[in-house]
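Comments concern the structure below.
Computed from the coordinates by the stated procedures, all read-outs in this text should not be read as laboratory data. Source: prediction; values computed, not measured. Here the Cβ is made from the backbone with ideal geometry for all residues, glycine too, and neighbour counts use every protein chain on show.
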There are 4 protein chains.
Amino acid sequence: MARHEFTPDRYYTTMGPHPPVLRIAPGDTVVTTTVDSLGCDVNGTPVTPKFNPMTGPFFVEGAEPGDTLVVHLDRLTPNRPTGISSSVLAPNVVDPEFVRQLPERPLVVWDIDPVRGEASLQVPIPGLEALRLPLEPMLGCFGVAPAHGQSIATITSAEYGGNMDYRGFCAGATVYFPVFEPGALLFVGDGHAIQGDGEITGTGIEITFEVEFTVDLRKGEQIGWPRGENEEYIFTAGNARPLDQALQHATTEMVRWLERDWKLDVVAASTLLGMCVEYDIGNVFDPAYTVICKLPKRVLANMVSARTKGED
Amino acid sequence: MARHEFTPDRYYTTMGPHPPVLRIAPGDTVVTTTVDSLGCDVNGTPVTPKFNPMTGPFFVEGAEPGDTLVVHLDRLTPNRPTGISSSVLAPNVVDPEFVRQLPERPLVVWDIDPVRGEASLQVPIPGLEALRLPLEPMLGCFGVAPAHGQSIATITSAEYGGNMDYRGFCAGATVYFPVFEPGALLFVGDGHAIQGDGEITGTGIEITFEVEFTVDLRKGEQIGWPRGENEEYIFTAGNARPLDQALQHATTEMVRWLERDWKLDVVAASTLLGMCVEYDIGNVFDPAYTVICKLPKRVLANMVSARTKGED
Amino acid sequence: MARHEFTPDRYYTTMGPHPPVLRIAPGDTVVTTTVDSLGCDVNGTPVTPKFNPMTGPFFVEGAEPGDTLVVHLDRLTPNRPTGISSSVLAPNVVDPEFVRQLPERPLVVWDIDPVRGEASLQVPIPGLEALRLPLEPMLGCFGVAPAHGQSIATITSAEYGGNMDYRGFCAGATVYFPVFEPGALLFVGDGHAIQGDGEITGTGIEITFEVEFTVDLRKGEQIGWPRGENEEYIFTAGNARPLDQALQHATTEMVRWLERDWKLDVVAASTLLGMCVEYDIGNVFDPAYTVICKLPKRVLANMVSARTKGED
Amino acid sequence: MARHEFTPDRYYTTMGPHPPVLRIAPGDTVVTTTVDSLGCDVNGTPVTPKFNPMTGPFFVEGAEPGDTLVVHLDRLTPNRPTGISSSVLAPNVVDPEFVRQLPERPLVVWDIDPVRGEASLQVPIPGLEALRLPLEPMLGCFGVAPAHGQSIATITSAEYGGNMDYRGFCAGATVYFPVFEPGALLFVGDGHAIQGDGEITGTGIEITFEVEFTVDLRKGEQIGWPRGENEEYIFTAGNARPLDQALQHATTEMVRWLERDWKLDVVAASTLLGMCVEYDIGNVFDPAYTVICKLPKRVLANMVSARTKGED
């Protein structure tokens, strides 16, 4: 249950079997920092090539292919007074005919007020002069080394996690990743101070973070796609194009979870999901889109108590 | 501002320029009933062919192509002690390989307790014995006659509304439809006592409703897709396959709304949506899928006050 | 086996249960004309609203829901000295980022030389001065009245046929449509003098046609999607978005055809298709895209002879 | 202009910056062998892990990022008396409801007759007893190391080529790849004796090959996606899901080619493609689908002569 303070001195723009920067044990906590998605550090200085450079990989002792890595996001703190975002919708999120009306994407700068916990535009855009938005820090890109010894660019995502840009990957969430490489090789980065669903301008408010997370390991538990939970929900993530396929992956993974951990058969799982499922859209910008399949814990609570009674 | 009590004696399974069943004026309220999606009435008796038979069409005096019809959903009351749902996921919402593990879809019966406002399975499914779900009544299918004199089956949806199966079409919501035919020709039906996002088993809890709604008209205001609002959000609906395209329609329609009614240009609209947009999935089962693009009213409130100040 | 010369005096831009313009019997031949997709006649005069106005519907005696209508395209003759096409790619067939480089779509005029059987640009486009293209006349839009009493705009397509824009719908092809309404109600129109795969500028060379076709009927033979054959191939058409889904429909329909008419089981059909299938893209422009699944008749010839021998 | 006989002793199931197995110069020819997609050699002995193990990478002297690698496929010779294929359609190429009717996928063995140039089933499937199919050898998977230092599994494809499973990658074709790594790092493998469009059972007739190819280099010519040509066509390949997006990539790449090499502007390129484009489907099975955009050389011949005259 060690607590590691780790200061990165290099970053990767692929997730793969790179040399670990730190070895940690299940139960350990890491406090570290991330550069922003453009490769700039806490001072706004470019220190590494752009497109989601990652801190890590962290080698988790004992993790083997077929296990599940548990990552609890303890704290995500934007640690710079300014963040950057795009200010024009991505061409792929509007009607094809409408693309002609999109100008090129200039970047805008946001002031981050850590005391009030708010962001505001440094140079107001007409109509948005009074805009003050509460910070909702989240990790845009994190996950483990992919299967088959692959090294895959941090602009995309798949079963190993990656650039999912889901708002629910915020402090308090516990995230589960399938392990494909010895040590799992955890990467974290791409902090967003705020982001709407879908990352539809292609960015959130891109900023540097101080990150604190705690890892654990579930030996011999194999999952297919990233899973997670928070106080209210359990959830699964599917990453693919089109959104339809991402949704298929997430839904199938949720059924498998209900089958294994709650002992529901496919009819019970279907009935429960049919009435109670909720979907979130992670991103619709990256090469692979992300759909989140959520189930409220309250309906599982009811259900388990029933099964418990039944077993008496 | 008349209040009409209307008892239907026929139903349509297409939305089109059918003879109106009632003529109403802007400001009028209608209290009527709907059969369930299988064509059964309040007694469970089959009275009309299945697949979302509609009550209507209601002819709204003064409505002309190019106007916007306003429909306020005042009250949606399930009025039968039982509802019906499918109990197996639709093959198109799971991984193609997983379809082999889906049994055929038997229907299950739900008891509806109007006093406690809850639904429970009439014959418990193993694992779900204790399941009690709060009623969240919503209209699965409603809208106006389509463009070009078309008559389109009530299993699908498009610009005119139709079978969108969005949970947010519940009491308290105000919905806007583009008008394509004189009188708009409003249809309502397909009540669901409860439904998860996406209608992923192909049904909600299908039930008869008593419906109360009030109409209004915005002359000369042309919109492209259904829009709506409730206490917290304004929202737009896009209907198409794949989900990606439905999302493009909904997002583009939201930008147009922000441009016209809040005088934001595309950069301001993009920036606001990029940070604050939320997406819901209406259905991923019908021939056209539905994506909802939502913007919290609180961020618009801030913005408008800024503009107001600016104009002083 | 009558031969009908039919001169249309009205046109429909929806396919639905409209009053028949002519009653014909199985075995009969019809010679008629079609206006171009913009509603202009053989003299280039606008005579009816645009978007694929149809000649018909022709009521085929004896046709009932559940039958199959057979349409042999005997002759398709462009009968006007000029045709019209768009000159810019549709925004949905290029990368979203590339749409900004597409100008608005001006129409261009083509001279049609019936003696040489060629088309050339009336006003040359720089680089295309020498372009002479052989005529390949095809029907862009044809089919029968849809299921469920629907009337659907002639800009789209589905199980009943419609705006499929497939180059293979040319003279010599025999096409099969499922019958949904008494009399089948056959519509024909939207002649193209030439068109590339996919109708990627949104038009072919739009022109008026003299059309000659012969109908037949297969009583009690139910099919799911349009089918066809020519000298070399049997083929099926799937209409949907995305192309993936259109391909699924076409492939499934082909398997069903092989199962019923050639008595192949799914393993034999799969093996044969896996090695011999060919796909064409009908259109990627209309609301529903079209994919054609083709199987060379030569491989079926081999196969049938084998079965015949086996049965001796 | 050396001719290298190269016998591989290891294989890669990722395409990435692996140590080259041979250094060759532009103009050189390589004669080598490939194992089948299951990792079996010319004797049917498993020698390496499955899923498209690649021969290579070949380092091409002088190739730098931003160049174009030219690969002429001189000869593809199946060199084993038997090949293997799947015998059931992949679940993703049929209607979701139809998947329940697909059995699990048993492999079948094909006898390859090199004298007659034919394949036939070793154990006949009922109905296919007489099936004899002409060999059409093609490379299922080949390409160069991807961008950004990635190593990507040989089950998929992208800008660098990969598992495109296009029937047109046969002897006589010249293929162009963008260069992302010094030396380009060419990989070849996954020989198919025969394959239908789309690789819809998930395999062709998987077999070992003797491969002969000749490389060249176009310094400073940057392309976005694989291109190719044969006697009749120039073509481009787009790799993505859904097919719609693959088609967008391929079409956009073709426009860029016409703009740069034939000096056509977007209107001329659109008009030409609108009338003359043909699309092929490479695969609809792998994680990324493949669409080929083809233009007949005959229409370019006409066009160039016009431009040539115009320049006099």
Taking the label point 7 Å from Cα along the Cα-Cβ vector, the copy-to-copy distances for D:Phe51, listed from shortest in nm with one decimal, are 2.2, 4.1, 4.7
With the charge dipole of chain B built from beta-carbon charges (+1 for Lys and Arg, -1 for Asp and Glu) about the Cα centre, the Cα from B:Pro134, B:Gly168, B:Thr77 projecting farthest to the positive end belongs to B:Gly168
Does the protein assembly as shown come out rounded, prolate or oblate by the C-alpha gyration tensor, with a ≥ b ≥ c the root eigenvalues, rounded set by a/c under 1.5 and, if not, prolate when a/b is larger than b/c and oblate if not? rounded
Pop the C-beta distance of A:Asp113 and D:Arg10 into the FRET formula with R0 = 45 Å and round what comes out to the nearest 0.05. 0.20
Of all GluC sites (Glu not before Pro) in segment A:48-106, the ones in DSSP coil with at most 16 other Cβ atoms within 10 Å are A:Glu61, A:Glu104
Just for the Cα atoms in chain D, what are the lengths along the principal axes, largest first, rounded to whole Å? 65, 45, 39
Checking C:Phe187, C:Phe98, C:Phe209 against a Gaussian network model of chain C (alpha-carbon springs below 10 Å), the top fluctuating residue turns out to be C:Phe98
Tell me the relative contact order for chain A as a rounded percent, counting alpha carbon contacts under 8 Å between residues six or more apart. 23
Take peptide C:124-136, look around each residue's Cβ out to 10 angstrom, count Cβ atoms belonging to other protein chains, and average those counts. 6
Just order A:86-95, C:13-22, A:108-117, A:240-249 by mean Cβ neighbour count inside 10 Å, highest at the front, would you? A:240-249, A:86-95, C:13-22, A:108-117
What are the label-to-label distances in nm, one decimal and shortest first, from B:Val109 to the same spot in the other copies, with labels 7 Å along Cα to Cβ? 5.7, 6.9, 7.2
Give me the dipole magnitude in Debye, nearest 20, for segment B:1-237 about the Cα centre, with unit charges on the beta carbon: positive for Lys and Arg, negative for Asp and Glu. 320
Using θ = phi - 60° and the Karplus curve 6.51 cos²θ - 1.76 cosθ + 1.60, what whole-Hz ³J(HN,Hα) does each residue of segment A:143-157 get, with Gly and Pro shown as x? x, 10, 5, x, 6, 6, x, 5, 10, 10, 4, 7, 8, 10, 8
Integer Hz, Karplus 6.51/-1.76/1.60 couplings in order for segment B:265-278, x for Gly and Pro: 7, 5, 5, 5, 4, 5, 5, 5, 5, x, 9, 10, 5, 10
Lysine pairs, Cα distance under 19 Å, 8 or more residues apart or cross-chain: how many in chain D? 4
Sorted by chain and then number, the residues having a modelled amide H within less than 5 Å of the amide H of D:Ala63, at least 5 places away or on another chain, are D:Gly183
Run the dipole for the protein assembly as shown about the Cα centre, Lys and Arg Cβ at +1, Asp and Glu Cβ at -1, nothing else charged, and hand back the magnitude in debye, nearest 20. 0
Hits in segment A:7-44: amide N under 19 Å from the 7 Å Cα→Cβ extension of D:Phe51, namely A:15-18
What ³J(HN,Hα) values, in whole Hz, does the Karplus curve 6.51 cos²θ - 1.76 cosθ + 1.60 give for segment C:238-246 when θ = phi - 60°, with x put for Gly and Pro? x, 10, 4, 10, x, 3, 3, 6, 4
Starting from the Cα gyration tensor of segment B:238-311, take the square roots of the eigenvalues, sort them a ≥ b ≥ c, and report rounded, prolate or oblate (rounded when a/c is under 1.5, otherwise prolate if a/b is larger than b/c, else oblate). prolate
Treat every Asp and Glu Cβ in segment D:189-312 as -1 and every Lys and Arg Cβ as +1, leave all other atoms uncharged, and give the resulting dipole magnitude about the Cα centre to the nearest 20 debye. 580
Could you tell me which of C:Ile112, C:Pro124, C:Gly56 has its Cα farthest along the dipole of segment C:18-146 towards the positive end, charges placed at Cβ (Lys, Arg +1; Asp, Glu -1), taken about the Cα centre? C:Pro124
